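Only one structure is covered here, and it is reproduced in the block below.
The values are calculated or read from the model by the stated rules, or taken from the named source; none is laboratory data. This one's a predicted model, so the numbers in the text were calculated from it and none came from an experiment. Backbone-built Cβ (ideal geometry, glycine too); neighbour counts: all protein chains shown.
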Amino acid sequence: MSDALLRTPFPERAGAALKDTFLQEALTIATTKFIDLRKEAFAGFPPGEALRDRARAIKEATLQHLDVHLERLADSVERLGGIVHWAATAEEAREIVLRLARDRGVRMAVKSKSMATEEIDLNEALEHAGITPVETDLGEYIIQLAHEKPSHIIAPAIHKTKGQVAELFSRELHGAFAADPEVLTAVARKALREKFLQADMGITGANFAVADTGTVVLVTNEGNGRMVTSLPRIHVALMGIEKVIPSMSDLVVFLAILARSATGQKLSSYTTLVRGPRRAGELEGPEEFHLILLDNGRARQIASTLREALYCLRCGACLNVCPVYRQIGGHAYGYTYPGPIGILLTAMLKGNGSVRELAHASSLCGACKDVCPVRIDIPRMLVELREHLDREKIAPWSERMVFRAFRRLLLSPAAFRLSARAGRWLQRPFVRAGRLRGLPLLFGNWTRTRDLPPVAARTFRERWKELG
Amino acid sequence: MAARAEFLERIRREVAKTPGLFGATPAPRPVAPAAAAEAIRHELAERWPEALERFRQEFERVAGVFHRARDLEAVPEVIAGIARKLGVRQVVTWDPAALGFDAAPRLVADGCAVAAARAGQEDEATRLRHREAAAAAQLGVTGADLVLAETGTLILLSGAGCPRSTSLLPDVHVAVFGRDRLLESLEQVGVMLEALHVDADLAMSGATINFITGPSRTADIELTLTRGVHGPKEVHAVFVEGP
């Protein structure tokens, strides 16, 4: 994400999103539709709940022996003739891809949607090196042409109207195209088909990687994942180390819940299992297969507070139900991964300091935890994150002081009683129609968009005493 | 190698801090995958009609078009019917030896150009020629190695004579299968996948397995469902009734 955007404080970014009426409408329609589709998919699938538990257990068990599974995966891939690369940081991962591309004279690379490549800002690095990256997922293609960033994990261009897409395609692809999704999709098909056939390198992420067999698994609806792994002579897959799973028996457990959680489908149109480069006897497929294993801050969470965020399947279900995401969309978060899980992933990848403001972009309502296919306890981790920000003095001074004062009050019955009395007296100028509004100073931030019940004329403790 | 050792050492250090944090286990692998797969085949030998009906329903739900052919000999006629209806001029197919039928004579009689992959022919010139034929074809004919009823999914293994793009590049994909390919659940697919990889070097001649559930689709522009964004716009399944 651009630094310019991040220099704007989060409340301003969110405020701008709230004033964007099209975005508001698009978000409501998209998230509501995704919620309904997901609900319907699980309602008609009785084993779903047990499979979610199973899937979570598999993630836990795999992390417990992550070193063993990664070694096994690497050995399997190498046995098939693939080459495994180990990237401790985003920079190392970028360097590996660039070196491969330069050494092999690659001029254009086609990409299927991969959050991991977004995470390491791969496209910018390729462009600087004179290599043209072409995003081939329709949504990603649109935002690449528009020089924007994805606003939803699985629907990257939901913030754009068909009119805007028609304008964009007409300008960038030199034509006059109607604002009709059918027409625009056909335009993209034609333009991208050429790229698939011309490109020297295909770059993908991985939804899963099976250690037993050395298989990289890609889940797509458009078929671009298949194109990218079939047509160019080199295939490079970049995956976070947490994507490894032990066996094919584990894979089918995840497949049963992933698409249902993301789009309400029983399975996505295409699930592609890739094992190394093309085999002797095969007419098609890449000559070279490279797997890049990316750490970038993940390993240090294995035994730490954000551990559960490593279970994430990137399905996007928690975005759709989040009352904050539904209002502000993905861009306002400012980083690669938006939504409730995005806050945790950002903290993991960029450090806790990066989510000083975002840690509070949640009402802790728990809807995300309810829909997460692997039941990640996002609200608990957000609370722990806030606590950590306070303890490490990363949170703003004023915030820490307010909470410190509050703590004092709650610990001393006398101080609490006194504060209720003081509050009753101090609130008088601000109580209108039975609600507290328009508080001064720092407190105004709260009452600018909401009101509060005033301190009662007689507190609970006072009434309790009378009863006694 | 240094990078690998260092990388894994860092993970090992973190993992060492976790005892007690997790108590779970991964999904159990079948003890004897080949035998487990055989047992499933045996059960399905009786239950296949229900599985076929479920497949048809689910396949049609994801916009698939279902056909029946009396036996393998009748398959070319069914394919020719699909080609005629859609005005197809160019067809690409898997190796007739792998499919068990040769649709070419029937299609050529209708004026179609047919390019068939042949196992054992994989020199650079053939490779280029086949790629051009696949990219230009409007219809691709494949088999299906497994057919999953629960989700209406065709599962294709790539390999010699069975290129991966035949089910991807043409506008229309036609997959032909018999009763012995039917499975009921993803769980059964898991067992089959385990069995396929037991002796990885022998069991599979190709590098990819594709699960295909309906045509290529997207909803990336204003959530409007659109078919055929990169892959086929139509997927047809031909069930061969006879043995």
Item to complete: Would you check if B:THR213 is over 29 Å from B:ALA115 (Cα atoms), out of contact with any Pro (no Cβ under 7 Å at 6 or more places or on another chain), among the polar types (S, T, N, Q) and crowded, with 21+ Cβ neighbours inside 10 Å?
Response: no
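Only one of these is on the phi < 0 side of the Ramachandran plot and out of contact with any Lys or Arg (no Cβ under 9 Å at 6 or more places or on another chain): A:ALA299, A:ALA303, A:ALA367. Name it. Step through it out loud before you land on a result.
Details: A:ALA299 fails: out of contact with any Lys or Arg (no Cβ under 9 Å at 6 or more places or on another chain); A:ALA303 fails: out of contact with any Lys or Arg (no Cβ under 9 Å at 6 or more places or on another chain).
The match here is A:ALA367.
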Practice prompt. Under 9 Å between Cβ atoms, at least 6 apart or on separate chains: pull out the pairs that start in the range A:106-117 with a residue that is assigned to a helix (DSSP H, G or I) and end on any residue that is polar (S, T, N, Q).
Written response: A:MET115/A:THR336; A:ALA116/A:ASN296; A:THR117/A:ASN123; A:THR117/A:THR204
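Being part of a loop (DSSP other than H, G, I, E, B) and either of a type outside the set (A, V, I, L, M) or in contact with a Cys (Cβ under 8 Å, 6 or more places away or on another chain) (or both) is the filter here, so list the residues in the range A:352-361 that pass it. It would help to see each step written out before you state the result.
Looking only at the range A:352-361, we keep the residues that are part of a loop (DSSP other than H, G, I, E, B), and these are A:356-357, A:361.
Listed by number, the residues that qualify are A:ARG356, A:GLU357.
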Response to the item:
Here the residues within the range A:335-353 that are small (Gly, Ala, Ser) and surrounded by 24 or more Cβ atoms within 10 Å (Cβ to Cβ) are A:GLY339, A:GLY342, A:ALA347
Worksheet item: Can you name every residue in the range A:362-377 that is more than 16 Å from A:ILE153 (Cβ to Cβ) and either small (Gly, Ala, Ser) or part of a loop (DSSP other than H, G, I, E, B) (or both)?
Response: A:SER362, A:SER363, A:LEU364, A:CYS365, A:GLY366, A:ALA367, A:ARG375, A:ASP377
Worksheet item: Within the set of pairs 6 or more residues apart or between chains, which connect a residue that is facing another protein chain (nearest Cβ under 8 Å) inside the range A:300-311 to a residue that is in a loop (DSSP other than H, G, I, E, B) and crowded, with 17+ Cβ neighbours inside 10 Å with Cβ atoms less than 8 Å apart?
Response: A:ILE302/B:THR18; A:ALA303/B:THR18
Response to the item:
Checked the range A:207-228 for anything in contact (Cβ under 8 Å) with a residue 60 or more places away in the chain and either in contact with a strand residue (DSSP E or B) (Cβ under 7 Å, 6 or more places away or on another chain) or aliphatic (A, V, I, L, M) (or both); matches are A:ASN207, A:ALA209, A:VAL210, A:ALA211, A:THR215, A:VAL216, A:LEU218, A:THR220, A:GLU222, A:GLY225, A:MET227, A:VAL228
Worksheet item: Take the residues of the range A:362-377 that are in contact (Cβ under 8 Å) with a residue 40 or more places away in the chain and over 19 Å from A:ARG314 (Cβ atoms): which is surrounded by the fewest Cβ atoms within 10 Å (Cβ to Cβ)?
Response: A:SER363
Practice prompt. Would you check if A:ARG275 is within 30 Å of A:ASP67 (Cβ to Cβ), basic (Lys, Arg) and more than 19 Å from the chain's Cα centre (by Cα)?
Written response: yes
Practice prompt. Hey, can you tell me all the residues within the range A:81-115 that are within 12 Å of chain B (Cβ to nearest Cβ) and out of contact with any Ser or Thr (no Cβ under 9 Å at 6 or more places or on another chain)?
Written response: A:GLY81, A:ILE83, A:VAL84, A:HIS85, A:TRP86, A:ALA87, A:ALA88, A:THR89, A:GLU92, A:GLU95, A:ILE96
Practice prompt. Residues being on the phi < 0 side of the Ramachandran plot and more than 9 Å from chain A (Cβ to nearest Cβ): count how many of those fall in the range B:6-32.
Written response: 2
Worksheet item: Across the range A:57-71, which residue is farthest from A:HIS235 (Cα to Cα) among those that are buried (at least 19 other Cβ atoms within 10 Å of the Cβ) and charged (D, E, K, R)?
Response: A:GLU60
Item to complete: Kindly indicate whether A:ALA199 is among the hydrophobic types (A, V, I, L, M, F, W, C), out of contact with any strand residue (DSSP E or B) (no Cβ under 7 Å at 6 or more places or on another chain), in the same structural domain as A:HIS69 (by TED's automatic domain parsing) and within 24 Å of A:VAL165 (Cβ to Cβ).
Response: no
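Residue-by-condition table, conditions (1) more than 14 Å from chain A (Cβ to nearest Cβ); (2) more than 15 Å from the chain's Cα centre (by Cα):
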| residue | (1), (2) |
| --- | --- |
| B:PHE101 | yes, yes |
| B:ASP123 | no, yes |
| B:ALA133 | no, yes |
| B:VAL141 | yes, no |
| B:LEU154 | no, no |
| B:ARG164 | no, no |
| B:SER167 | no, no |
| B:ASP180 | yes, no |
| B:LEU183 | no, no |
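Between A:ASP212, A:ASP180, A:ASP250, which is touching a helix residue (DSSP H, G or I) at 6+ places or on another chain (Cβ under 6 Å), in the same structural domain as A:GLU282 (by TED's automatic domain parsing) and of a type outside the set (A, V, I, L, M, F, W, C)?
Numbers: A:ASP212 fails: touching a helix residue (DSSP H, G or I) at 6+ places or on another chain (Cβ under 6 Å); A:ASP180 fails: touching a helix residue (DSSP H, G or I) at 6+ places or on another chain (Cβ under 6 Å).
Among A:ASP212, A:ASP180, A:ASP250, only A:ASP250 is touching a helix residue (DSSP H, G or I) at 6+ places or on another chain (Cβ under 6 Å), in the same structural domain as A:GLU282 (by TED's automatic domain parsing) and of a type outside the set (A, V, I, L, M, F, W, C).
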Response to the item:
Of the residues in the range A:242-294, those that are at the interface with chain B (Cβ under 7 Å from one of its Cβ atoms), touching a residue at least 24 places away in the same chain (Cβ under 8 Å) and over 27 Å from A:LEU37 (Cβ atoms) come to A:PRO246, A:SER247, A:MET248, A:VAL274, A:ARG275, A:GLY276, A:PRO277, A:GLU284, A:GLY285
Practice prompt. Identify the single condition in (1) part of a loop (DSSP other than H, G, I, E, B); (2) touching a residue at least 40 places away in the same chain (Cβ under 8 Å); (3) touching a Gly at 6+ places or on another chain (Cβ under 9 Å) that A:LEU349 does not satisfy, given that it satisfies every other one.
Written response: (1)
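Select from the range A:87-134 the residues that are of a type in the set (S, T, N, Q), more than 19 Å from A:GLY351 (Cβ to Cβ) and surrounded by fewer than 23 Cβ atoms within 10 Å (Cβ to Cβ) and list them in ascending order. I'd like the intermediate steps shown before the answer.
Filtering the range A:87-134 for residues of a type in the set (S, T, N, Q) gives A:89, A:112, A:114, A:117, A:123, A:132.
Pick out the ones that are also more than 19 Å from A:GLY351 (Cβ to Cβ) and you get A:112, A:114, A:117, A:123, A:132.
Listed by number, the residues that qualify are A:ASN123, A:THR132.
Out of the strands (runs of 3 or more DSSP E) lying entirely within the range B:92-161, which hold 3 or more residues that are at pLDDT 95 or above, farther than 21 Å from B:ARG41 by Cβ and in contact with a helix residue (DSSP H, G or I) (Cβ under 9 Å, 6 or more places away or on another chain)?
Working: elements: B:113-116, B:139-143, B:146-148, B:153-157.
Counting at least 3 such residues, we get B:113-116, B:139-143.
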Worksheet item: Would the range B:81-92 turn up any residue that is crowded, with 17+ Cβ neighbours inside 10 Å, within 14 Å of chain A (Cβ to nearest Cβ) and under 15 Å from B:VAL174 (Cβ atoms)?
Response: yes
Practice prompt. Only residues in the range A:439-455 that are closer than 17 Å to A:GLU399 by Cβ count as the first member; pair them with residues that are in a strand (DSSP E or B), Cβ under 7 angstrom, at least 6 apart or cross-chain, and list the lot.
Written response: A:THR447/A:LEU436
